[in-house]
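> Before I ask anything, here is the structure I am working with.
The values are calculated or read from the model by the stated rules, or taken from the named source; none is laboratory data. Computed from a predicted structure; not experimentally measured. Please note: Cβ atoms are built from the backbone with ideal geometry, for glycine as well, and neighbour counts cover all protein chains shown. Side chains included, ligands, DNA and RNA excluded: accessible areas come from the protein's heavy atoms. Shrake-Rupley method; radii C 1.70, N 1.55, O 1.52, S 1.80 Å.
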Amino acid sequence: EYVIVDGEVLDRTVAKVDIEDRGYQFGDGVYEVIRIYNGKMFTGKEHLNRLVESAGKIRMKLPFSPEELESKMEELISKNELDTGIVYMQFTRGTSPRNHVFPAGDVAPTFVAYTRKVARPVESMEKGVRTILDEDIRWLRCDIKSLNLLGNLLSKQKAAEAGCFEAILHRGETVTEGSHSNISIVKDGVIITHQADNFILNGITRQKVLEICSNESIAFEERAFTLDELSSADEVFSSGTTVEVMPIVEVDGKPVGNGEPGPVTRNLQNLFKGEIERQCGN
Ligand code: PMP
């Protein structure tokens, strides 16, 4: 298995990162996860652009352009003969003696990437998944895809311990997103999902779904919705790179609609699959 450390393709067993890497000590870095279907990146450019944006928001300059990163990822995918899975990549603010203050300009970011086989979650996508509610205790820059994921982890762990797929997060009465995905509801045929601001990560899957809605004249609103709207929704779904469009059939022990994936979500799943096949073949 090959990985990339600082731009070099290496065998995983010899790859090393320093104990004073700022990612390790502070979570001082940003990352991306890109889906691979048929050995090809899906929405790769969008993910790489978001990576550059996330880095900019934490005042970090990446030593590679999106185009260079794209070709490095292609090399890694092909060396690892990956068919269906993900590529994970992260940049930290580099290695230097521990100090909250940023290191001097000559300290280069640490770049790590690897691939992993991940099947499409076909069974869950077919049947739908259960969720819990949890207070969103994260910081106020959830738009940055940063390595600091403790708030997300605590919520996801709670969900896992309840036998659930996801924790739907809310700040008081307002639903924001999931611990590792974006959340949308459907009411009277209209899709409602939180606007892209500092309270959510603007998911690439979320954006792709909204683009599909525009093209197919499916009504949607980008606005915050409440816990009451969530509990009276006709349908609820989660979206994310690894989970695609995932029907949610239960929230905190209460069924969504009739407890089965609904027609709007089903339609979106099919249209999304079509988009994957257009980009990556089938
Ligand atoms: N929100 C959070 C908190 C996430 O971690 C993710 C990524 N899995 C998403 C939303 C979905 O983003 P994307 O569609 O780009 O994977």
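> State which residue pairs qualify: first residue open to solvent by 30 Å² or more (accessible area, probe 1.4 Å) and inside the range 121-147, second residue away from the ligand (no atom under 15 Å from the Cβ) and of a type in the set (A, V, I, L, M, F, W, C) in any location, beta carbons under 7 Å apart, and separation of 6 or more residues or different chains.
R130/C164; R130/V249; L133/V251
> Tally up the residues in the range 22-51 that are in contact with a Lys or Arg (Cβ under 9 Å, 6 or more places away or on another chain) and away from the ligand (no atom under 14 Å from the Cβ), please.
Of the residues in the range 22-51, 7 are in contact with a Lys or Arg (Cβ under 9 Å, 6 or more places away or on another chain) and away from the ligand (no atom under 14 Å from the Cβ).
> Looking only at the range 53-80, which residues are within 21 Å of the chain's Cα centre (by Cα) and either buried (at least 20 other Cβ atoms within 10 Å of the Cβ) or in contact (Cβ under 8 Å) with a residue 40 or more places away in the chain (or both)?
Selection gives S54, A55, K57, I58, M60, L62, L69, K72, M73, L76, I77.
> Could you figure out which of (1) open to solvent by less than 40 Å² (accessible area, probe 1.4 Å); (2) in contact with a Ser or Thr (Cβ under 6 Å, 6 or more places away or on another chain) isn't true of I212?
With (1) open to solvent by less than 40 Å² (accessible area, probe 1.4 Å); (2) in contact with a Ser or Thr (Cβ under 6 Å, 6 or more places away or on another chain) applied to I212, the lone miss is (2).
One line per residue, one yes/no per condition, for (1) closer than 27 Å to K145 by Cα; (2) without any contact (Cβ under 8 Å) to a residue 24 or more places away in the chain; (3) touching a helix residue (DSSP H, G or I) at 6+ places or on another chain (Cβ under 6 Å); (4) not assigned by TED's automatic domain parsing to the domain that holds N152:
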{"position": "E177", "(1), (2), (3), (4)": "yes, no, no, no"}
{"position": "G189", "(1), (2), (3), (4)": "no, no, no, no"}
{"position": "T193", "(1), (2), (3), (4)": "yes, no, no, no"}
{"position": "K208", "(1), (2), (3), (4)": "yes, no, no, no"}
{"position": "E211", "(1), (2), (3), (4)": "yes, yes, no, no"}
{"position": "G257", "(1), (2), (3), (4)": "no, no, no, no"}
{"position": "T265", "(1), (2), (3), (4)": "yes, no, no, no"}
{"position": "L271", "(1), (2), (3), (4)": "yes, no, yes, no"}
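> Tell me the residue from Q269, Q279 that is farther than 24 Å from E135 by Cβ, touching a Phe, Trp or Tyr at 6+ places or on another chain (Cβ under 9 Å) and either part of a loop (DSSP other than H, G, I, E, B) or open to solvent by less than 60 Å² (accessible area, probe 1.4 Å) (or both), please.
Answer to the check: Q269.
> Looking at the range 52-64, can you tell me whether even one residue there is within 15 Å of the ligand (Cβ to nearest atom) and either modelled with pLDDT under 95 or touching a strand residue (DSSP E or B) at 6+ places or on another chain (Cβ under 7 Å) (or both)?
Within the range 52-64, one or more residues are within 15 Å of the ligand (Cβ to nearest atom) and either modelled with pLDDT under 95 or touching a strand residue (DSSP E or B) at 6+ places or on another chain (Cβ under 7 Å) (or both).
> While we're looking at this one, here's another question. Can you tell which of I4, I19 is in a loop (DSSP other than H, G, I, E, B) and either in contact with a Gly (Cβ under 7 Å, 6 or more places away or on another chain) or β-branched (V, I, T) (or both)?
Selected residue: I19, the only one of I4, I19 that is in a loop (DSSP other than H, G, I, E, B) and either in contact with a Gly (Cβ under 7 Å, 6 or more places away or on another chain) or β-branched (V, I, T) (or both).
> OK, next. Any idea which of V243, V236 is within 13 Å of the ligand (Cβ to nearest atom), under 21 Å from the mean Cα position of the chain (by Cα) and aliphatic (A, V, I, L, M)?
None of the others qualify; the one that does is V243.
> Can you tell me which residue within the range 148-195, out of those that are of a type in the set (D, E) and away from the ligand (no atom under 13 Å from the Cβ), is least open to solvent (accessible area, probe 1.4 Å)?
E173
> Does A113 satisfy the condition of being open to solvent by 60 Å² or more (accessible area, probe 1.4 Å) and not in a helix (DSSP H, G or I)?
no
> Considering only residues that are assigned to a strand (DSSP E or B) and open to solvent by 10 Å² or more (accessible area, probe 1.4 Å), which ones fall in the range 241-251?
If the condition is that a residue be assigned to a strand (DSSP E or B) and open to solvent by 10 Å² or more (accessible area, probe 1.4 Å), then V249, E250, V251 are the ones that fit.
> Against the definition (of a type in the set (S, T, N, Q), away from the ligand (no atom under 15 Å from the Cβ) and over 14 Å from the mean Cα position of the chain (by Cα)), how does N215 come out, yes or no?
yes
> Then there is this: Would you tally the residues in the range 223-240 being aliphatic (A, V, I, L, M) and open to solvent by 30 Å² or more (accessible area, probe 1.4 Å)?
Residues that pass the stated criteria total 2.
> Can you say whether K145 is basic (K, R) and within 15 Å of the chain's Cα centre (by Cα), as far as the supplied structure shows?
yes
> Exactly one of (1) touching an Asp or Glu at 6+ places or on another chain (Cβ under 7 Å); (2) in a loop (DSSP other than H, G, I, E, B) is unmet by C142. Its number?
The one condition C142 does not meet is (1).
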